[in-house]
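Structure, as structure tokens:
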Amino acid sequence: MNSDIDIISNKQYSLKLTSKDSHPEDSIVDVDGVKIGGKNIVVIAGPCSVENEEQYITIAKAVKKSGAEILRGGAYKPRSSPYSFQGLEEEGLKIMKKAKEETGLPIVTEVMDLEHFTLVESYADMLQIGARNMQNFSLLKRAGKSNKPILLKRGIAATIEELLLAAEYIMAGGNTKVILCERGIRTFETYTRNTLDLSAIPAVKILSHLPIIVDPSHASGRWDMINPLSKAAIAVGSHGLMVEVHHEPEKAFSDGPQSLKLNKFDDLMIEINKMKNFI
Ligand code: PEP
Ligand code: MN
């Protein structure tokens, strides 16, 4: 029987490594000492883009103080317009490494293409595959050969099954350290940048043993929705959050309108920590 027919007749068969059947216990992924999955709730925070050393270190120190456990930041940015800021590239990675040295927090950053894979891999503690690349199969296969954890974001128009099949590519290559991320999908609604599919969290937890976190920043595109969506995400079982934070959102090179100010992020962390007691 060829495998395409198997997918139609028996969907579970195609999810050999990601399905709960193959691994009944929840997987816990270790990101340089920070454990994501199981009962843990981990918050990843930082700016959309690394802009300069002062900006990044300021934000890194503030989010650490508020209780974030992993730093995010983009050095290679997948921008919709070729005229928008494209990222500081390796200079951005160096700044992130410095922030790790100063705060002790692991770093996650996006790897956009095969060309830069080995370079980004040499700096990052976790590699992000962005929504636009969720079905870039060459990139997924290369990620499967990496020894670093992979944060795989759901594609803008990807089904839950397609997300799990993308994770399957990475796992089939030998890398079992995969964390999924629901970051909103495109619907007919335009008030928010995307529509946060909260059902994806329990759905993934029914189907798979892999950890799943929520990115309310790209899901909504609005800083004033981050707090309620974050709490909703934790309430439906998310293993964590990835939140964009900026000390001066009005001056941000990218995604300022969806970035929380430092004090608002601190408020959010107080509420999330309270929620941890009854989840
Ligand atoms: C990001 O996290 O910076 C990003 C570009 O996210 P996404 O791939 O979900 O759009
Ligand atoms: Mn962003």
If we scan region 92-99, do we find a residue that is buried (at least 20 other Cβ atoms within 10 Å of the Cβ), more than 30 Å from D267 (Cβ to Cβ) and of a type in the set (A, V, I, L, M, F, W, C)?
-> yes
Note on Q135: of the conditions (1) more than 12 Å from ligand 1 (Cβ to nearest atom); (2) within 22 Å of I234 (Cα to Cα), unmet is (2)
A careful count of residues in region 217-252 that are of a type outside the set (G, A, S), in contact with a strand residue (DSSP E or B) (Cβ under 6 Å, 6 or more places away or on another chain) and within 18 Å of L71 (Cα to Cα) gives 6
Pairs returned, first residue in region 238-260 that is within 20 Å of L196 (Cα to Cα) and part of a strand (DSSP E or B), second residue that is among the small types (G, A, S) and within 11 Å of ligand 2 (Cβ to nearest atom), beta-carbon separation under 7 angstrom, 6 or more apart or interchain, are V243/S217; E244/S217; E244/S259; V245/G46; V245/S259
Of the residues in region 265-279, those that are modelled with pLDDT of 95 or more and surrounded by fewer than 16 Cβ atoms within 10 Å (Cβ to Cβ) come to D267, I270, E271, N273, K274, M275
Residue set S208, S217; condition under 28 Å from I28 (Cα atoms) and within 16 Å of ligand 2 (Cβ to nearest atom); output residue S217
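Yes/no matrix, rows are residues, columns are (1) within 16 Å of ligand 2 (Cβ to nearest atom); (2) aromatic (F, W, Y); (3) under 20 Å from N273 (Cβ atoms):
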| position | (1), (2), (3) |
| --- | --- |
| G173 | no, no, no |
| T176 | no, no, no |
| I179 | no, no, no |
| P202 | no, no, no |
| G221 | yes, no, no |
| G237 | no, no, yes |
| V245 | yes, no, yes |
| D255 | yes, no, no |
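Do we find that R222 is buried (at least 20 other Cβ atoms within 10 Å of the Cβ) and not hydroxyl-bearing (S, T, Y) in this structure? Show your work before the answer.
Working: buried (at least 20 other Cβ atoms within 10 Å of the Cβ): no; not hydroxyl-bearing (S, T, Y): yes.
It is false that R222 is buried (at least 20 other Cβ atoms within 10 Å of the Cβ) and not hydroxyl-bearing (S, T, Y).
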Within region 37-80, restricting to residues that are away from ligand 2 (no atom under 16 Å from the Cβ) and of a type in the set (S, T, N, Q), the one that is farthest from N273 (Cα to Cα) is N52
The correct count of residues that are within 16 Å of ligand 2 (Cβ to nearest atom) and buried (at least 19 other Cβ atoms within 10 Å of the Cβ) in region 153-170 is 3
Restricted to region 223-235 and to residues being within 17 Å of K276 (Cα to Cα) and either of a type in the set (A, V, I, L, M, F, W, C) or over 15 Å from the mean Cα position of the chain (by Cα) (or both), the residue nearest to ligand 2 (Cβ to nearest atom) is L229
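The values are calculated or read from the model by the stated rules, or taken from the named source; none is laboratory data. Note that this is a predicted model, so its numbers are computed, not measured. Heads up, the Cβs are rebuilt from the backbone with ideal geometry, glycines too, and the neighbour counts pull from every protein chain shown.
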